[in-house]
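Visitor: Below are the structure tokens for one structure; questions will follow.
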Amino acid sequence: MQSFAGTFARNLVVAAVCTVAGPILLLFGALGVADPGESDRRIPLVFLLVGLAGTLAIPVLAFSGARADYRVVTRRDLLDDGPVRPDDSFALWAPRTDVPTPQGRFAAADVLEATFVRYGGDWEGTYQSYGGDLDPDEVKPLIRLRLRIHPDGSTPFEWTGERRVPALCLSAVTAGRLVAVVHPGPAEVGIDWPRSALLAGTRPCRLVGLDGRRVDLTGHPDLLLEQMRIAGTVGGIRMDLDTIDLRHLAPPVATRLQGLVDRAGEPARSTPGPVPDGRSRWVVDDLAGEAGTFGDIDRRWARHGGQLTRARFLELRGTTTYQYHGPVLETVLRIWPVEGGEPFDARKKLTVPMNYLALLHRTKDLVARVSPDRRGYEIDWNRSNLTAGVTPALVIARDGRQFDLTGRFDPLLAIMRLLVAHRVSVSGNVLDLRARRPSALVTQVMEALRAGLDRDTTGPGPR
């Protein structure tokens with residue numbers, strides 16, 4: 001498991017190599033000042049001062065780099081005074097849209113086909129940071145889209161084009177539902193990515209009615225689209241985390257939205273047109289990010305009591321810093337203690353892989369590695385991507401039967417915990433019990449498999 005001391009030592013070596021001129025100038029300056037035959041000591045003194053500044057910068061750079069690289073949740077990250085939120089609460093602060101939104105021109109769009117084109121370019125370092133309001137294209141994958149757009153009161157039409165997709169909104173593509181902004185000419189089509197994430201179900205949307213009744217619009221694309229159109233005509237309506245409280249709005253706006261509250265109990269009506277097969281928009285395999293695996297075992301960590309536990313995203317907020325695999329996000333995590341008991345929440349900056357973000361509409365759950373002393377929690381992205389369904393998860397029994405666990409978190413986490421307990425590494429996404437495995441492990445895996453499949457009957461979705 002990652003330690004801060006190890007992270008600092010690694011960054012200290014990198015900083016020393018990058019600023020090696022500082023110690024060299026310091027050495028030459030010290031020798032020149034100490035030389036009794038040197039008549040003019042001004043130049044050696046300059047060397048000495050510059051070298052001293054460069055040398056002192058090494059630990060400073062190493063410490064700041066270690067803080068950026070250290071992704072372990074510790075006690076200093078805990079939120080003790082935050083409100084208690086339900087486990088299914090989730091807030092997403094996506095980048096602002098740069099698409100003009102004329103009144104009443106929001107339209108639902110089905111993603112008929114999505115094809116990955118390219119991403120990024122030459123990255124000069126581990127992190128890329130952008131100041132101000134810059135909206136760089138190189139940190140967004142370019143996706144070719146074929147859409148069926150359903151303008152309000154008009155005949156649906158198809159549109160094909162390439163768009164840069166913000167990483168936080170990639171799940172709208174794989175979910176297959178976007179919010180298009182249709183201009184007077186049919187060819188003039190923009191995509192409102194933050195609203196698309198809302199329509200796709202990535203971010204929940206709940207309303208508190210004028211009578212205090214709370215309803216959930218998630219999974220009601222027709223009601224969500226109507227809510228967006230109302231908000232578009234009156235200006236931005238603040239969503240507190242995942243909820244809009246109508247009692248805090250102006251009466252005319254609240255009255256219009258109250259109609260959605262009254263209709264939320266009706267069966268969900270899908271937007272017009274067929275929802276395409278997920279295979280036609282499965283861009284996850286081409287996106288940057290860690291591969292999904294059952295996970296390698298650090299024997300020392302496991303021997304001293306290290307375990308795996310469940311974590312979940314409650315909030316994601318974009319920053320101006322990116323890594324190649326994904327954006328650096330401000331997150332709020334809910335973590336369940338290994339020994340049981342009440343979960344706790346923590347705030348931490350994390351690099352979230354793009355291939356995980358593309359499935360954010362299906363899961364917010366994560367696998368975390370727990371330090372033996374229970375003081376540190378680190379997100380295991382290889383295991384998390386396997387439980388999210390980034391890659392298929394397969395268990396092969398000794399009799400040759402194959403069990404597809406793709407995207408099934410509970411049985412996968414139970415099996416991963418057994419592998420840790422028996423200190424068995426599986427570096428891929430297939431657990432083959434026909435290989436040389438401890439008989440006790442095989443028996444326990446099959447029991448966990450049966451119990452997990454009995455509880456979890458939902459599939460992962462088309463591939």
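Visitor: Only residues in segment 70-82 that are more than 12 Å from Arg347 (Cβ to Cβ) and at pLDDT below 85 count as the first member; pair them with residues that are in a strand (DSSP E or B) and of a type in the set (Val, Ile, Thr), Cβ under 8 angstrom, at least 6 apart or cross-chain, and list the lot.
Guide: Close Cβ pairs (under 8 Å, with a partner that is in a strand (DSSP E or B) and of a type in the set (Val, Ile, Thr)) amount to Arg71/Thr351; Arg71/Ile379.
Visitor: Could you give me the residue pairs with C-beta distances under 7 Å whose first residue belongs to segment 246-266 and is assigned to a loop (DSSP other than H, G, I, E, B), whose second residue is at pLDDT below 90 and of a type in the set (Val, Ile, Thr) wherever it lies, and which are 6+ apart or on separate chains?
Guide: From residues that are assigned to a loop (DSSP other than H, G, I, E, B), the pairs are Leu249/Ile237.
Visitor: Next question, about the same structure. Against the definition (of a type in the set (Lys, Arg) and modelled with pLDDT of 90 or more), how does Arg263 come out, yes or no?
Guide: The answer is no for Arg263.
Visitor: OK, next. Looking at segment 30-67, which of the residues that are at pLDDT below 70 and touching a Phe, Trp or Tyr at 6+ places or on another chain (Cβ under 8 Å) is farthest from Leu350 (Cα to Cα)?
Guide: Among residues in segment 30-67 that are at pLDDT below 70 and touching a Phe, Trp or Tyr at 6+ places or on another chain (Cβ under 8 Å), the one farthest from Leu350 (Cα to Cα) is Gly32.
Visitor: Within segment 402-425, work out how many residues are within 24 Å of the chain's Cα centre (by Cα), among the β-branched types (Val, Ile, Thr) and either part of a helix (DSSP H, G or I) or surrounded by fewer than 19 Cβ atoms within 10 Å (Cβ to Cβ) (or both).
Guide: Qualifying residue count for the region: 1.
Visitor: Give me the strands (runs of 3 or more DSSP E) completely within segment 329-386, filtered to those with at least 1 residues that are crowded, with 20+ Cβ neighbours inside 10 Å, in contact with a helix residue (DSSP H, G or I) (Cβ under 6 Å, 6 or more places away or on another chain) and assigned by TED's automatic domain parsing to the domain that holds Ala167, ordered by residue number. Walk me through it before giving the result.
Guide: Values: elements: 344-351, 365-370, 377-379.
Here the list is empty.
Matching residues to (1) of a type in the set (A, V, I, L, M, F, W, C); (2) modelled with pLDDT of 95 or more:
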| site | (1), (2) |
| --- | --- |
| Asn382 | no, yes |
| Thr387 | no, yes |
| Ala393 | yes, yes |
| Asp399 | no, no |
| Thr406 | no, no |
| Leu419 | yes, yes |
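Visitor: With Ala231, Ala268, Ala291 as the choices, which residue is under 26 Å from Thr351 (Cα atoms) and either at pLDDT 90 or above or under 28 Å from the mean Cα position of the chain (by Cα) (or both)?
Guide: Just a single option satisfies the conditions, and that option is Ala291.
Visitor: Name the single residue that is farthest from the chain's Cα centre (by Cα) among those in segment 294-322 being of a type in the set (Lys, Arg) and assigned to a strand (DSSP E or B).
Guide: So, considering only residues that are of a type in the set (Lys, Arg) and assigned to a strand (DSSP E or B), the one farthest from the chain's Cα centre (by Cα) is Arg310.
Visitor: Answer yes if at least one residue in segment 158-170 is assigned to a loop (DSSP other than H, G, I, E, B), surrounded by fewer than 17 Cβ atoms within 10 Å (Cβ to Cβ) and among the hydroxyl-bearing types (Ser, Thr, Tyr), and no otherwise.
Guide: No - not one qualifying residue is present in segment 158-170.
Visitor: Only one residue in Leu225, Leu210, Leu249 is of a type in the set (A, V, I, L, M, F, W, C) and in contact with a Phe, Trp or Tyr (Cβ under 7 Å, 6 or more places away or on another chain). Which one?
Guide: Leu225
Each row is one residue, and each column tells you yes or no for (1) free of Cβ contacts under 8 Å to residues at least 60 places away in the same chain; (2) among the hydrophobic types (A, V, I, L, M, F, W, C).
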site: Leu350; (1), (2): no, yes
site: Leu360; (1), (2): no, yes
site: Leu386; (1), (2): no, yes
site: Thr406; (1), (2): yes, no
site: Met446; (1), (2): yes, yes
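Visitor: In this structure, does Asp399 turn out to be without any contact (Cβ under 8 Å) to a residue 24 or more places away in the chain and either farther than 30 Å from Asp80 by Cβ or assigned to a strand (DSSP E or B) (or both)?
Guide: Yes, satisfied.
Visitor: Pairs only if they're at least six apart or on different chains, beta carbon under 6 angstrom, first in segment 120-147 and in a loop (DSSP other than H, G, I, E, B), second at pLDDT below 75; list them, first residue then second.
Guide: Once the first residue is in a loop (DSSP other than H, G, I, E, B) and sits in segment 120-147, its partners that are at pLDDT below 75 give Glu138/Gly121.
Visitor: Tell me yes or no: at least one residue of segment 432-444 is assigned to a helix (DSSP H, G or I), under 29 Å from Gly278 (Cβ atoms) and in contact (Cβ under 8 Å) with a residue 40 or more places away in the chain.
Guide: The answer is no, given that none of the residues of segment 432-444 is assigned to a helix (DSSP H, G or I), under 29 Å from Gly278 (Cβ atoms) and in contact (Cβ under 8 Å) with a residue 40 or more places away in the chain.
The values are calculated or read from the model by the stated rules, or taken from the named source; none is laboratory data. Please read these numbers as outputs of a predicted model, since none were measured by experiment. Note: ideal-geometry Cβ built from the backbone for every residue, glycine included; neighbour counts use all protein chains shown.
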